[in-house]
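Take a look at the structure below.
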Amino acid sequence: MDRTTRTNLGFGFLLILIGGLFLAIQLVPGLNWVWSIFTWPMWIVGVGVFLLLLGLLLGAPGMAIPAVIVGGIGGLLYWQNATGNWESWAYAWSLIPGFVGVGLMLASILGEGGKNGFRVGTWMAVISFSVFAVFSGIFGNSILGDYWPVGLILFGLWLLVQPLFRRKTIPNVVSDPQEHIDEAQ
C-alpha cells in the first residue's frame with residue numbers, strides 16, 4: 001500500500017471516529033456527561049493523542065514528537081487549571097525539551113531514529129527534568145523539597161565521572177586508508 005492510500009485511509013478512519021462520537025452525543029441525551037470531562041486543557045491533550053494516532057495510522061513514527069509536545073503542554077495546562085498554580089510557568093517551560101526527548105524516544109521505539117534517537121531523547125528528558133527540578137527549587141516550589149541542591153550535586157558528579165567509563169574508539173583504517181595516511185603526514 002502506497003503512502004497516499006495510507007494517508008487517505010488514516011484520515012477517513014479518523015473522520016469516521018470523530019463523526020461517530022459527535023453523532024452519538026447528539027442522538028443519546030445521556031452522553032452529555034462526556035463534555036464535562038473535557039475541560040479546555042483536555043482538548044489540547046486530545047490534539048496530542050490525535051497527532052499520535054495519525055502518525056501511527058499513516059506509518060509516520062516521527063509524528064510522535066509533536067504529539068508528545070502538544071500532549072505534554074496540555075497536561076501541564078490541565079494541572080495548572082486544576083490547581084490554579086499559573087505562576088509555575090516560570091519554571092514549567094523547562095519541561096518542553098523533555099517532551100521533545102520523550103517524543104524522540106517514542107519515535108525511535110516506533111521505528112524512526114534508531115538507537116541514536118533514543119539516546120538523544122533520553123539525554124534531553126534527563127537534562128530537562130534536572131533543569132525543571134533546579135528551577136522549581138529556585139522559585140520555591142521544589143518537587144524535591146529542601147534537598148534539591150543534592151540532586152544538582154549528584155548530577156554534576158555524574159557528569160564528571162561519566163567520561164571515565166567511555167570506551168575509546170579505534171579508527172577504521174580499512175574503510176579509507178588514504179584518509180589515515182593523510183592525517184599521519
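The table below lists the values:
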read-out	value
Out of V47, V102, V70, sole residue that is more than 30 Å from I138 (Cβ to Cβ) and either modelled with pLDDT of 80 or more or assigned to a helix (DSSP H, G or I) (or both)	V47
Inter-residue pairs, beta-carbon under 6 Å, first within 11 Å of G111 (Cα to Cα) and in the range 55-66, second modelled with pLDDT under 80 and crowded, with 22+ Cβ neighbours inside 10 Å, 6+ apart	none
Residue match in the range 82-102 (condition: at positive phi and of a type outside the set (A, V, I, L, M))	yes
Test: W123 is of a type in the set (F, W, Y) and within 21 Å of W158 (Cβ to Cβ)	yes
Failed criterion for L57 (all others in (1) at pLDDT below 85; (2) among the aliphatic types (A, V, I, L, M); (3) surrounded by fewer than 17 Cβ atoms within 10 Å (Cβ to Cβ) hold)	(3)
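The values are calculated or read from the model by the stated rules, or taken from the named source; none is laboratory data. Computed from a prediction, not measured in an experiment: that's the story for all the values here. Methodologically, a virtual Cβ is constructed for each residue, glycine included, from the backbone with ideal geometry; neighbour enumeration extends over all protein chains shown.
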